[in-house]
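The values are calculated or read from the model by the stated rules, or taken from the named source; none is laboratory data. Quick caveat, the model's predicted, so the values are computed rather than measured. Cβ sites come from the backbone with ideal geometry, for glycine too, and all protein chains shown count toward neighbours. Please note that ligands, DNA and RNA were not included when accessible areas were found on the heavy atoms of the full protein model with its side chains. Shrake-Rupley method; radii C 1.70, N 1.55, O 1.52, S 1.80 Å.
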Amino acid sequence: NSGVMSLLRPLLLDVVPTIQQTAALALGRLANYNDALAEAVVKGNVLPHLVCSLSEQNRFYKKAAAFVLRAVGKHSPQLAQAIVQCGALEMLVICLEDFDPGVKEAASWAIGYIARHNSELSQAVVDAGAVPLLVLCIQEPEIALKRIAASTLSDISKHSPELAQTVVDAGAIAHLAQMILNPDAKLKRQVLSALSQIAKHSVDLAELVVEAEIFPVVLTCLKDSDEYVKKNGATLIREIAKHTPELSQLIVNAGGVAAVIDCIGSCSGTVRLPGIMMLGYVAAHSENLSMAVIVSKGIPPLCACLVEEQEDHIKAAAAWALGQVGRHTPEHARAVAVANVLPVLLALYMDTHSSEDLQTKASIFTKRALKNILQKCTYLPALEPLLHDAPPNIMKHIVGQFSKVLPHDSKARRLFVTTGGLKKVQEIKAEPGSLLQEYINTINNCYPEEIVR
């Protein structure tokens with residue numbers, strides 16, 4: 001407001017180097033504050049000054065100039081585009097080859113902030129030749145430089161399979177995979193994130209990541225003391241598992257399912273989410289893989305997530321995963337039912353169903369999970385308590401299962417009378433001619449007239 005911008009700009013070209021650097025730092029800090037100030041820096045025509053002096057100045061100035069570019073570029077794609085248009089990318093890429101690690105770090109940071117916005121900007125970074133130099137940076141001894149270079153590779157890879165492929169072609173995977181065991185937690189976070197962003201796009205890319213022998217090494221990350229290392233490790237395993245049954249099987253063979261289940265049991269909140277999703281993806285692929293989740297005792301921790309977690313999207317993910325585990329055969333459904341999951345799912349469905357927003361994710365996923373499990377479940381003791389609480393749209397699936405089992409099982413028929421199940425069925429109001437009414441008739445036909453009366 002006091003007009004400082006226009007006073008700082010000429011100082012960027014001052015004869016005294018320390019004045020230049022200090023002016024650049026001041027501009028960087030202003031631009032860092034919010035997007036309005038960053039726009040003022042762009043409109044104040046500061047960028048061309050910075051760029052033209054980037055090449056010939058000393059390392060302190062280069063760091064300060066890269067800081068200004070990063071501070072401007074981080075706010076929005078439009079501001080990042082302004083940096084690309086003034087020719088700064090080429091200068092930043094030259095800085096990646098600088099002798100001083102601090103200059104490389106500052107340049108890598110600014111490039112990452114440009115690349116993270118969208119695939120066009122990321123492509124501009126690739127076209128400027130940044131990727132091979134970033135791969136060299138992750139091999140440097142300085143931890144801070146490794147971290148930021150890995151983070152930038154992650155930001156480039158995330159947008160599309162093509163961009164991820166350019167990172168792979170530069171030989172990044174092998175170097176990233178070697179750093180999974182690095183003691184530095186912040187570096188591990190970035191490395192796992194970069195590998196996830198590569199693996200998520202396609203089967204081929206996921207297979208390339210797996211071929212770098214990340215299993216069983218990556219499983220140690222699930223026991224890490226750092227929450228983000230845990231989360232990013234689970235995310236990487238999830239991104240690989242989702243593609244094919246073969247990749248999921250490979251993870252099972254490496255002990256990945258058991259490790260993820262332990263991880264879900266030992267943490268809470270959003271850290272659990274990728275692990276929950278991973279179990280759902282594995283279980284979805286086939287009966288055998290779903291059995292692997294059951295045998296590894298995956299159902300109790302998933303059920304615990306339904307009960308303990310506050311956030312809707314975590315509950316929804318847990319409901320979805322349980323639905324994937326239970327939807328294959330009566331045996332799978334029974335394993336879920338025996339763990340007392342059905343009443344919890346039903347309570348959650350009733351709870352979310354009664355909320356204002358009827359189409360909440362939790363409501364949709366919980367309903368689908370209930371339906372998936374109920375349509376396979378022939379374990380009647382777990383179904384019976386639900387007869388008392390279920391709303392009509394769920395009730396028809398429950399009564400439907402009874403109508404399938406009771407005609408062929410005399411012991412179950414006797415129990416159904418003594419526990420009051422048959423009485424409850426008589427109380428259900430069903431539309432004449434509806435599917436529910438048919439199911440009720442089928443059940444009633446199993447018994448003599450006087451018992452039904």
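Note on the stretch 187-294: Lys pairs 8 or more places apart or on different chains, Cα atoms under 14 Å apart, count 5. Just how far, in whole angstrom, is the stretch 419-439 from the stretch 283-325 if you go by their alpha carbon centroids? For the stretch 283-325 versus the stretch 419-439, the Cα centre distance is 31 Å. Please enumerate, by chain and number, the lysines with C-alpha under 16 Å from the C-alpha of LYS315, excluding those fewer than 8 residues away in the same chain. Hits, sequence-local ones excluded: LYS361, LYS367. Ranking HIS243, VAL293, LEU54 by how far each Cα lies toward the positive end of the dipole of the chain (charges on Cβ) leaves VAL293 at the top. The local environment of LYS230, defined by Cβ-Cβ distances under 11 Å, has a net charge of +1 under the rule Lys, Arg +1 and Asp, Glu -1.
With the charge dipole of the stretch 133-237 set up from +1 on Lys and Arg Cβ and -1 on Asp and Glu Cβ about the Cα centre, the Cα lying farthest toward the positive end among the listed residues ALA185, ILE143, ALA174 is that of ALA185.
Normalised by the number of residues in the stretch 17-87, the mean separation of alpha-carbon contacts (under 8 Å, six or more apart) gives a relative contact order of 41 percent. Descending by average beta-carbon neighbour count within 10 Å, the peptides 223-233, 420-430, 1-11 line up as 223-233, 420-430, 1-11, the highest first. Rounded to the nearest 500, the 222 nm mean residue ellipticity of the chain from helices alone is -21500 deg cm²/dmol, with -39,500 (n - 2.57) taken per DSSP H run of at least 4 residues. What the chain shows is 44 Å² of accessible area per residue, with the surface traced by a 1.4 Å probe over protein heavy atoms. Ellipsoid fit via the Cα gyration tensor, the chain: semi-axes of 59, 24, 16 Å, each the root of five times an eigenvalue, largest first. When the solvent-accessible area of the stretch 208-267 is split by element, carbon and sulfur atoms take up 52 percent of it, the probe being 1.4 Å.
Run the reach check for LYS63 against lysines, Cα to Cα strictly under 21 Å, same-chain hits fewer than 8 apart removed. What comes back? Correct list for LYS63: LYS74, LYS104, LYS146.
Dimensions of the stretch 296-453 along the principal axes, based on C-alpha atoms and rounded to the nearest Å, stand at 50, 38, 23, largest first.
When only Cα pairs below 8 angstrom with a gap of at least 6 residues are kept, the chain shows a relative contact order of 7 percent.
Across the stretch 136-181, Cα pairs under 8 Å and at least six residues apart give a relative contact order of 29 percent.
A simple packing score, the average count of other Cβ atoms within 10 Å per residue, orders the peptides 319-326, 31-38, 341-348, 365-372 as 319-326, 365-372, 341-348, 31-38, with the highest score first.
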